[in-house]
Amino acid sequence: MGQYRTFPRASSALDSSHFRDYVPPMNIDWKLLAMAVGLALVIEGLPYFLFAEKMPKVLRSLSAMPPRQLRIIGMSSMTFGLAIVWLMRR
């Protein structure tokens, strides 16, 4: 089970149990996190390695897009990635 953490009293009239908060233990798999960051870097680097000649044109076209369209593309990518992670963790 986790530990209880108490916060300092705001007033002597209040009981300290009002400031008690359950803090669950944090178990982070650092190896898995490092592998995920490494995989993200590999995926991010692929277009620059495979299509080095075309990337400047792609980046210019991305910089010409309105912010709303870039946000839609970003949100779609995050949603797709989150769906993959969720499906693989089931």
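Since every read-out is calculated from the coordinates, none of them should be taken as a lab result. Quick caveat: nothing in here was measured; it's all calculated off a predicted structure. Reconstructed Cβ throughout: ideal geometry from the backbone, glycine too, with neighbour counts over all protein chains shown.
Each residue, LEU59 and ASP29, gets one label point 7 Å from its Cα in the Cβ direction; the gap between the two is 3.5 nm. Remark: the MET88-ALA52 segment gains 9.8 nm on full extension, using 0.36 nm per residue and subtracting the alpha carbon distance. Loop-located chymotrypsin sites (Phe, Trp or Tyr not before Pro) in region 17-90 (DSSP state not H, G, I, E or B) with no more than 13 neighbouring Cβ atoms inside 10 Å: PHE51. Residues in region 29-42 carry Karplus couplings, in order, of 7, 5, 5, 5, 4, 5, 5, 5, 5, x, 5, 4, 5, 4 Hz; the curve used is 6.51 cos²θ - 1.76 cosθ + 1.60 with θ = phi - 60°, and Gly or Pro positions show x.
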